[in-house]
Amino acid sequence: MLLNFIYLPLIIALDFLLGEPKRWHPLVGFGYLCNQVEKYLLKPVSNRQLFIRGVLAWFILVMPFVLIAYWLTNYLGDWLGIVFAYLAIGAKSLRDHALQVADALRQGDLNLARQGVGYIVSRDTSTLNEQEISRSTIESVLENGSDAIFAALFWFLVAGSSGVVLYRLSNTLDAMWGYRNQQYEYFGKFSARMDDILNWIPARLTALSYLLVGHSGKAWQSWKTQAKQWYSLNAGVVMATGAGALDRQLGGAAYYHGELKQRPLLGSDKPVETADIYHSWQLVFRAILLWILITSLVAIPRL
């Protein structure tokens, strides 16, 4: 476990140097496998049977790869964990997508900015104005900072290769099946709950990191008073604390699949601007540096 702390800076460096693989990314193949399992198990049966099938699907898709990662690391060496962790995080991808949106807004190209933000959010983006695009992008940066960076790093630190594979595959299944709609309400319920469990501690560590590297007092106040108002407790603590750390207002009404969703307001009463997209990434990056500093201080004296 101590070696995992030493490896963390290398994992971050690999991600920023190489980015996500352009071809043959393992998660693309995993997504294809998920679709095949879904075709076989997602049938018109009772809600109870759908839930059981969803549990079965999760175990079929996740646990074999967790065991393979554990065996390969024991057989080939701890260095393989660096590869698994590098493939599991997406810091450079998140930065690039967010800054492309910000650059498009700076150039006055709303259509390009809407297209860019559409890649990183699930809401409708075709009619968003400049402020709404900025707010959507910032929310995605803060939330994905937890999901795509810190949660994966946390599970690598505490459980190595098998931990990071468990988290990333479970999180992928939640992204595919964790919807409260007619199709996935019962089939995806177990995947959604497992993702909630695996994200509980990382979400709060992410929020604490945002608090420490941003406007700490406002971040703490937002955490205490606003996090529980959000529809997801894990996302709520990250989003509320991140909004406070930036001293900006996030949340509010947004369209999802053609329906207006009234979301709580988070953070302060200061409206976001395009420049705050850059500030949100800087907040996440400072949090990454904080994790590198802390893990180094823990591990180096024990070598």
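The values are calculated or read from the model by the stated rules, or taken from the named source; none is laboratory data. All of these numbers come straight from a predicted model, not from anything done at the bench. FYI the Cβ positions are ideal-geometry reconstructions off the backbone, even for glycines, and counts take in every protein chain you see.
Couple of notes before you dig in:
- Scanning segment 226-266 for residues being aromatic (Phe, Trp, Tyr) and farther than 21 Å from Gly118 by Cα gives a total of 2.
- Which numbered condition Asp247 fails, given (1) in contact (Cβ under 8 Å) with a residue 24 or more places away in the chain; (2) touching a Leu at 6+ places or on another chain (Cβ under 7 Å): (2)
- Yes/no for Trp281 being of a type in the set (Phe, Trp, Tyr) and touching a Ser or Thr at 6+ places or on another chain (Cβ under 9 Å): no
- Among the residues of segment 64-95, those that are surrounded by 15 or more Cβ atoms within 10 Å (Cβ to Cβ) and either of a type in the set (Ser, Thr, Tyr) or within 30 Å of Thr274 (Cβ to Cβ) (or both) comprise Tyr70, Thr73, Tyr86, Ile89, Gly90, Ala91, Lys92, Ser93, Leu94, Arg95.
- Residues in segment 8-52 that are part of a helix (DSSP H, G or I) and either more than 20 Å from Leu166 (Cα to Cα) or at pLDDT 90 or above (or both): 30 in all.
- Residue in segment 165-188 that is over 26 Å from Glu38 (Cα atoms), of a type in the set (Val, Ile, Thr) and touching a residue at least 12 places away in the same chain (Cβ under 8 Å) present: no
- Only listed residue being under 30 Å from Gln131 (Cα atoms), at pLDDT 95 or above and crowded, with 18+ Cβ neighbours inside 10 Å, chosen from Leu99, Leu61, Leu105: Leu105
- Residues within segment 179-199 that are surrounded by fewer than 19 Cβ atoms within 10 Å (Cβ to Cβ) and among the small types (Gly, Ala, Ser), tallied: 0
- The number of residues in segment 225-244 that are buried (at least 24 other Cβ atoms within 10 Å of the Cβ), of a type in the set (Gly, Ala, Ser) and touching a residue at least 60 places away in the same chain (Cβ under 8 Å) comes to 2.
- Residue that is nearest to the chain's Cα centre (by Cα), among those in segment 290-300 that are surrounded by fewer than 18 Cβ atoms within 10 Å (Cβ to Cβ) and closer than 17 Å to Ala207 by Cβ: Leu290
- Annotation note: of Gly77, Gly81, Gly118, the sole residue that is without any contact (Cβ under 8 Å) to a residue 12 or more places away in the chain and more than 27 Å from Val237 (Cβ to Cβ) is Gly77.
- Flag for Leu142 being within 22 Å of Thr241 (Cβ to Cβ) and either hydroxyl-bearing (Ser, Thr, Tyr) or at pLDDT 95 or above (or both): yes
- Condition check for Val117: modelled with pLDDT under 95, part of a helix (DSSP H, G or I) and either surrounded by 17 or more Cβ atoms within 10 Å (Cβ to Cβ) or at negative phi (or both): yes
- First in segment 25-37 and under 15 Å from Asn171 (Cα atoms), second anywhere and assigned to a helix (DSSP H, G or I) and among the small types (Gly, Ala, Ser), Cβ under 9 Å, 6 or more apart: Leu27/Ala88; Cys34/Ala57
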